[in-house]
Amino acid sequence: MLIGLSNNRICQPVAAKSAGQGSYNDDVVITNAIGTRGITKGPQVIIIQKALNNVPAEYGGPALPLDTDGVAGDFTIGCIKDFQKRHFGFQDGRIDVLGKTHAKLSSLQPAKIARMKMAKQYLGRALNAMQKAQVKLTLAGMELLTGGGLSGGQNLALADAHFDVLKSDDPAAALAYISSVYTTMLSSFDRPGGLGGWSQFEAEPFTNRDYFAFTWWGGHYQRGMYIGWLRMDTVYLSAYYDKANDNDRVQTIIHELAHFVGPAAGDLITDYAYGKRKDMAGLSPYKKQHNAECYGNFALSPAFD
Ligand SMILES: [Zn+2]
C-alpha cells in the first residue's frame with residue numbers, strides 16, 4: 001500500500017505500473033503483435049477488428065465497420081494505419097503488445113470514452129475554480145500589503161489556512177509562488193507544441209480500478225514525450241473516477257494539474273497528504289505549498305475545508 005489515501009486519490013506514475021492489460025473489462029487484450037510483420041490471422045485479429053470498430057470515426061476509427069473475420073488483410077491494416085496517422089503521425093500498420101497503438105486503441109473503447117465525456121463537464125468547473133483561486137490570491141497579496149484593506153483580510157486568511165502563507169519566511173513570495181502554479185495550470189490549456197486543453201486528459205488505457213488518476217511530475221514540460229505507451233504530457237483518468245462524487249471529480253482535475261505543472265525534479269509538487277484542510281495540519285508551510293491536494297482544496301473551498 002502506498003501513502004495514506006483519502007478516497008484513493010493516488011496519482012503517481014507507479015499507478016500505471018501496477019495495471020496490466022485485462023485489469024478492466026474494457027481493455028483490449030492481445031499477447032502478440034498484430035498486423036504488418038505480426039499475426040494476421042486468428043482470434044486476436046478479431047479482438048483488434050472489434051476494437052477498431054468500437055472507435056468512433058472522429059477518434060480515428062473506420063468510417064465503415066471492418067468485417068470481424070479474423071483476417072488482417074489490406075483493409076484491416078489500412079484501418080490500423082489510419083488510426084496511427086490520426087494519433088501519432090506514423091503508420092507502420094502494426095500493433096505491438098503494450099505499444100503506443102495498443103494503448104491508444106484500448107483507451108478509446110466505449111466505457112473509457114464514456115468516462116472522458118462524463119469527465120469533460122468537470123473541466124469547466126475546475127477552470128472556473130482555478131480562475132477564482134487566482135483572484136483570491138491577488139486580493140490576498142493586496143491584503144498583505146495593506147493590513148487587510150478593503151477586502152478585510154479574508155482572502156489572506158483563506159490562503160493562510162490552506163498554505164500557511166503567514167508562517168512562511170517571505171509571505172509575499174509564498175503568495176506569488178502559489179499564484180504562479182495556478183497561472184501555469186491555466187496556461188496548460190493553451191500550449192503550442194503539446195497537448196492542450198481537454199486533449200491533455202485521457203482515459204487510462206489499462207485501467208487501475210482503485211485510482212482516480214495519475215500524471216507525471218512536470219508532464220506539462222515533456223511535450224510529446226513517451227515512456228513506453230505513456231504519453232508524459234497527459235493526465236490519465238482511471239476507473240475510480242467513474243465512482244467519485246462531483247467535488248472529487250473537480251478536485252482530481254486540479255490536483256493532477258498541480259503535479260503536471262510543477263517541476264519534473266527537485267521541488268516537486270507531490271502528495272505529502274490527501275484529504276481536506278484538516279488533514280494537512282501536520283505539514284510544514286513548504287510541504288503545503290508543494291502538495292497537490294492543497295491546490296485543489298484552496299480552489300474548491302469551502303467544499304474541501
Ligand atoms: Zn497526487
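Quick notes
- Looking only at the range 283-305, and only at residues there that are assigned to a helix (DSSP H, G or I) and polar (S, T, N, Q), the one that is surrounded by the most Cβ atoms within 10 Å (Cβ to Cβ): Asn297
- Complete set of residues in the range 55-76 that are surrounded by 20 or more Cβ atoms within 10 Å (Cβ to Cβ) and in a helix (DSSP H, G or I): Thr76
- Matching residues, the range 35-67, being of a type in the set (Val, Ile, Thr) and more than 29 Å from the chain's Cα centre (by Cα): Thr36, Ile39, Thr40, Val45, Ile46
- Qualifying residue in the range 198-208 (condition: small (Gly, Ala, Ser), under 28 Å from Thr101 (Cβ atoms) and modelled with pLDDT under 90): yes
- Whichever residue in the range 231-252 is β-branched (Val, Ile, Thr) and within 12 Å of the ligand (Cβ to nearest atom) and, among such residues, is surrounded by the most Cβ atoms within 10 Å (Cβ to Cβ): Thr252
- Per-region count, the range 1-54, residues modelled with pLDDT under 95 and of a type in the set (D, E, K, R): 4
- Considering the range 257-282, and only residues there that are surrounded by 18 or more Cβ atoms within 10 Å (Cβ to Cβ) and part of a loop (DSSP other than H, G, I, E, B), the residue that is nearest to the ligand (Cβ to nearest atom) turns out to be Asp271.
- Condition met for Gln289 (more than 24 Å from Gln131 (Cβ to Cβ) and of a type in the set (S, T, N, Q)): no
- Count of residues meeting criterion [outside any helix (DSSP H, G or I) and either touching a residue at least 40 places away in the same chain (Cβ under 8 Å) or over 19 Å from Asp267 (Cα atoms) (or both)] in the range 162-179: 2
- Flag for Glu143 being closer than 25 Å to Leu268 by Cβ and crowded, with 17+ Cβ neighbours inside 10 Å: no
- Qualifying residue in the range 262-285 (condition: modelled with pLDDT of 95 or more, within 18 Å of the chain's Cα centre (by Cα) and among the hydroxyl-bearing types (Ser, Thr, Tyr)): no
- Residue within the range 216-230 that is modelled with pLDDT under 90, aromatic (Phe, Trp, Tyr) and within 16 Å of the ligand (Cβ to nearest atom) present: yes
- Identity of the residue in the range 213-235, hydroxyl-bearing (Ser, Thr, Tyr) and outside any loop (DSSP other than H, G, I, E, B), that ends up farthest from Asp96 (Cα to Cα): Tyr221
- Among residues of the range 284-297 that are in the same structural domain as Val250 (by TED's automatic domain parsing), those with a Cβ under 6 angstrom from a residue that is of a type in the set (Ser, Thr, Tyr) and within 11 Å of the ligand (Cβ to nearest atom), sequence gap 6+ or separate chain, pair up as Lys287/Tyr272; Asn291/Tyr272; Glu293/Tyr274.
- When Asp248, Asp242, Asp271, Asp305 are checked against the criterion of being farther than 27 Å from Gly196 by Cα and either outside the structural domain of Arg209 (by TED's automatic domain parsing) or of a type outside the set (S, T, N, Q) (or both), a single residue qualifies: Asp305.
- Every residue from the range 97-140 that is surrounded by fewer than 18 Cβ atoms within 10 Å (Cβ to Cβ) and small (Gly, Ala, Ser): Gly99, Ala111, Ala114, Gly124
- Given (1) in a helix (DSSP H, G or I); (2) over 30 Å from Val45 (Cα atoms); (3) within 21 Å of the chain's Cα centre (by Cα), index of the condition Ala159 fails: (3)
- Meets criteria (more than 26 Å from Phe298 (Cα to Cα), aromatic (Phe, Trp, Tyr) and crowded, with 20+ Cβ neighbours inside 10 Å) for Phe83: yes
The values are calculated or read from the model by the stated rules, or taken from the named source; none is laboratory data. Because the structure is predicted, anything quoted here is derived from the model rather than measured. Because the Cβ atoms are built from the backbone with ideal geometry, glycine has one as well, and the counts that use them run over all protein chains shown.
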